[in-house]
Amino acid sequence: MSCQPQTTPTCKLLDIGEIGLKCDSLRSVGANAKAANLYFNTGLQNQSSELFVYAAWQYGEANLADSSLIAIKKSIQYGLNNPYILEKVGIEENTKKSPLREEVDQLLKQIEKRNTEVQNFEIVTAPVDRFWNYFNKALDDTLNAKIYLTNYICEGSNALKDYYHIRYENVDNMYNVMIKRNPDYYLYLRKYITSQMLHQVAEESTEMMRKFATLYPKAVFPKTYIVPDLINGSGTLTESSLYIGVDMFAKSDSMPLTNLNDWQMGTITEFENMKFDLVHELMHFQQSYSDFEGKEILLGKLIEEGSCDFLVSLLTKNNKVSPGVQRNLDYLSDQKNYDFVMDALKKELYSHDLSNWMHNGGGIKDRPSNLGYTMGFLICQSFYENAEDKQKAIKKILTTDDFKEIIRNSKYKEIL
């Protein structure tokens, strides 16, 4: 026993999946304040700014204005970077009379000033750089692997702790994918993607964001973190940061396929596509929609996702679109395919089921994957082209309170 390595977790991470289920249950019976308290206390435990945002949202639903602003203050302490957060979580109006509002407004103004400067934009590779040391130890000592992975989070930045909340959820998920199921893929990943490759992405995306600043005065520029993900998503954002999962951009002839599923093999793409996904996610960071009903159905999701792909095309040289968008545009150029898609879209526009349109790589057979993104792209493109004031058009597709208005003022209004 004395020869075994001695290691202990440097903090106790709560299982975010379990916390989410408990909060959903409380919300379903109208116990919003209890859900808020659970989010708040979990935020303290896991040191995640995003959990405090959730707490503020639920305190707002419970009409507890002071508590919602206290939660926002805590979120700022742990890294919140969205200066428009009060609008986004729906507490802009009902907290105006709170004695805490002036202080919170001042803090948010500081964030706004910082984040509206292009110089604030930065690609941070520290999460993936430091991951490999913990990964190696976990692979060499599988008995204590979960402790090493826990310490990777506990000893990381507040931004990484937010990522744990939004993507990993618990250490078991990390262990099962990184150590138990796909270690060969992560070993390959470590050698394949170099710091020089990431530097090139940083330069290209920064150039695109500089252009965006000239088109949209309210643009914000959060830090962007390159992280090791669980081979199940390329881009993620919280209210503090943007994250790009490096593992989804490593396609090559030498990529190991062992234990990769059909979706992963169909979705992992070449590294050159990272800049498109990165700026797409940065566009999500600009969004603040108050059409809460529309956000829950396909109608709103078309605009939410399609607007990002459209804006990326405005920012690239020669208005180039990503390979995925181009593939779908080629498919839609066939009139038979176009008619099929338009007919299906009319029937499902108000559905909560997005499976035929989004997040369906490897899982859809009668059409290309993620066609909803491209239909949203076309709607936003048409709306923009029809608008006399282009700057106002960009603001509308990023902050509308009526998704139908965008569709109604495009050439695709027949789907309504």
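Numbers below:
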{"item": "Of all residues in segment 264-293 being over 19 Å from the mean Cα position of the chain (by Cα) and not in a loop (DSSP other than H, G, I, E, B), the one that is farthest from residue 342 (Cα to Cα)", "result": "272"}
{"item": "Pair list, Cβ < 7 Å and 6+ apart or interchain, from segment 192-216 residues that are under 19 Å from residue 247 (Cβ atoms) to residues that are buried (at least 18 other Cβ atoms within 10 Å of the Cβ) and aromatic (Phe, Trp, Tyr)", "result": "193/271; 197/271"}
{"item": "Residues located in segment 23-55, provided they are part of a helix (DSSP H, G or I) and either polar (S, T, N, Q) or touching a residue at least 60 places away in the same chain (Cβ under 8 Å) (or both)", "result": "25, 28, 32, 37, 41, 42, 45, 46, 49, 50, 51, 53"}
{"item": "Search result, residues across segment 246-262 that are under 19 Å from the mean Cα position of the chain (by Cα) and either surrounded by fewer than 18 Cβ atoms within 10 Å (Cβ to Cβ) or touching a residue at least 60 places away in the same chain (Cβ under 8 Å) (or both)", "result": "246, 247"}
{"item": "In segment 328-358, the residues that are over 22 Å from the mean Cα position of the chain (by Cα), surrounded by fewer than 16 Cβ atoms within 10 Å (Cβ to Cβ) and of a type in the set (D, E, K, R)", "result": "330, 334, 336, 339, 343, 346, 347"}
{"item": "Failed condition for residue 75, given (1) assigned to a helix (DSSP H, G or I); (2) at positive phi", "result": "(2)"}
{"item": "Helices (runs of 4 or more DSSP H) within segment 331-414 that include 3 or more residues out of contact with any strand residue (DSSP E or B) (no Cβ under 8 Å at 6 or more places or on another chain) and of a type in the set (D, E, K, R)", "result": "335-348, 390-399, 403-408"}
{"item": "Test: residue 192 is among the aromatic types (Phe, Trp, Tyr) and buried (at least 23 other Cβ atoms within 10 Å of the Cβ)", "result": "no"}
{"item": "Residue in segment 1-22 that is more than 30 Å from residue 143 (Cα to Cα) and open to solvent by less than 70 Å² (accessible area, probe 1.4 Å) present", "result": "no"}
{"item": "Number of the exception - residue 197 against (1) part of a helix (DSSP H, G or I); (2) surrounded by fewer than 20 Cβ atoms within 10 Å (Cβ to Cβ); (3) more than 25 Å from the chain's Cα centre (by Cα)", "result": "(3)"}
{"item": "Residues (touching a Phe, Trp or Tyr at 6+ places or on another chain (Cβ under 6 Å) and β-branched (Val, Ile, Thr)) located in segment 78-117", "result": "89"}
{"item": "Any hit, segment 89-101, residues being in a helix (DSSP H, G or I) and either closer than 11 Å to residue 239 by Cβ or open to solvent by 40 Å² or more (accessible area, probe 1.4 Å) (or both)", "result": "no"}
{"item": "Some residue of segment 128-135 being of a type in the set (Ser, Thr, Tyr) and within 15 Å of residue 219 (Cα to Cα)", "result": "no"}
{"item": "Residues that are part of a helix (DSSP H, G or I) and open to solvent by 30 Å² or more (accessible area, probe 1.4 Å), drawn from segment 102-117", "result": "102, 103, 105, 106, 107, 109, 110, 112, 113, 114"}
{"item": "Members of segment 382-411 that are touching a residue at least 60 places away in the same chain (Cβ under 8 Å) and either open to solvent by less than 20 Å² (accessible area, probe 1.4 Å) or in contact with a Leu (Cβ under 9 Å, 6 or more places away or on another chain) (or both)", "result": "384, 390, 391, 394, 397, 398, 400, 403, 404, 406, 407"}
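The values are calculated or read from the model by the stated rules, or taken from the named source; none is laboratory data. Predicted model, so just to flag it, every value in this text is computed and none were measured. Virtual Cβ from ideal backbone geometry, glycine too; neighbours counted across all protein chains shown. These area figures cover heavy atoms from the full protein model, side chains too; ligands, DNA and RNA do not enter into them. Shrake-Rupley method; radii C 1.70, N 1.55, O 1.52, S 1.80 Å.
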